[in-house]
Amino acid sequence: MDRIHPRARHQGWAVGFGDKPGRGGAPAQRWHATMGPMPVQDDARENQMIQLFNLTVPEDRGRSDIDAHLNIDGRVINFELKSTTSGSVSTVRDFGPDHIRKWRDDLHWIFAFYDKSGTKLQQCVYASPDDMEPWIAEKERYVRPDILLANSLPGLVTADMVTAILGEKETYSLVDAKWIMKNQWRAAQYREQQDVAGGYSLGRMTEILQQRARYVILRGATLNNPHIESGYFEDFEKITEEHASKLRELVRAYLSKASATDDATA
């Protein structure tokens with residue numbers, strides 16, 4: 001009898017291992033890691049990966065930057081989950097400094113490779129932080145000149161630029177600040193930045209314009225959805241069965257190696 005996870009049944013996809021009856025009296029066929037009829041959606045594939053690898057979902061999953069956790073040997077390992085139906089793996093729409101920081105913060109990865117229909121899982125790959133560093137470093141190098149500009153040029157924004165845009169005022173209003181920052185800030189941030197009664201001083205508005213300048217430059221410093229090409233995974237171990245136990249074996253091997261390296265350089 002097939003073993004289906006209750007959440008998988010509820011969400012309309014099947015994950016498990018069992019004997020699938022053949023058609024027209026044909027012999028039963030062994031099946032493994034497949035999904036039932038459903039639209040090709042990233043969130044459905046992500047849910048399948050979470051179940052296959054027995055991962056934990058963050059309580060604030062909708063707002064969290066972390067896709068899943070692995071609790072292992074008293075440690076919590078953060079995971080990024082990616083899937084593809086084409087071989088290469090898409091990452092994020094606007095790759096920039098925030099993603100570099102996130103991905104270098106001891107983040108582990110699982111990549112799932114499906115057939116073109118997105119219904120059959122063919123294989124998975126685990127990648128440690130060290131495994132992903134060459135790819136991250138390559139993309140960082142690509143955007144580095146723009147990041148340097150974003151960190152340097154806003155300092156050239158002066159009070160004269162503020163008055164050229166908003167005019168000379170004793171106190172600048174919330175409307176003035178919103179005209180500069182637009183939807184970049186939430187209401188609470190606008191309130192926190194007020195430094196005089198009823199609004200903002202010229203000095204504070206200059207700082208706000210500098211922040212806006214940095215934001216605008218960084219928007220241009222992003223890389224649009226950089227892909228990880230299939231060749232990058234050529235030498236990685238492929239996971240096709242016993243997903244949960246194999247992942248733990250690979251993670252423990254990485255943690256042991258990282259610990260030994262730390263001890264040697266201490």
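A few comments on the model shown:
- When each of 102/139; 82/238; 116/246 is checked by Cα-Cα distance, pairs over 18 Å: 116/246
- In straight-distance terms, cross-link reach from residue 178 covers every one of the lysines whose alpha-carbon lies under 17 Å from its own, apart from those fewer than eight places away in the same chain; here that gives 169.
- Selection of trypsin sites (Lys or Arg not before Pro), segment 160-266, meeting DSSP coil and at most 15 other Cβ within 10 Å: 169, 186
- Segment 88-243: relative contact order as a whole-number percent, Cα under 8 Å and 6+ apart: 40
- Shape analysis of segment 202-258 based on the Cα gyration tensor places the equivalent ellipsoid semi-axes at 46, 18, 10 Å, largest first.
Throughout, read-outs are computed from the coordinates displayed, never taken from laboratory work. Given the structure is predicted, the values throughout are model-derived calculations rather than measurements. Methodologically, a virtual Cβ is constructed for each residue, glycine included, from the backbone with ideal geometry; neighbour enumeration extends over all protein chains shown.
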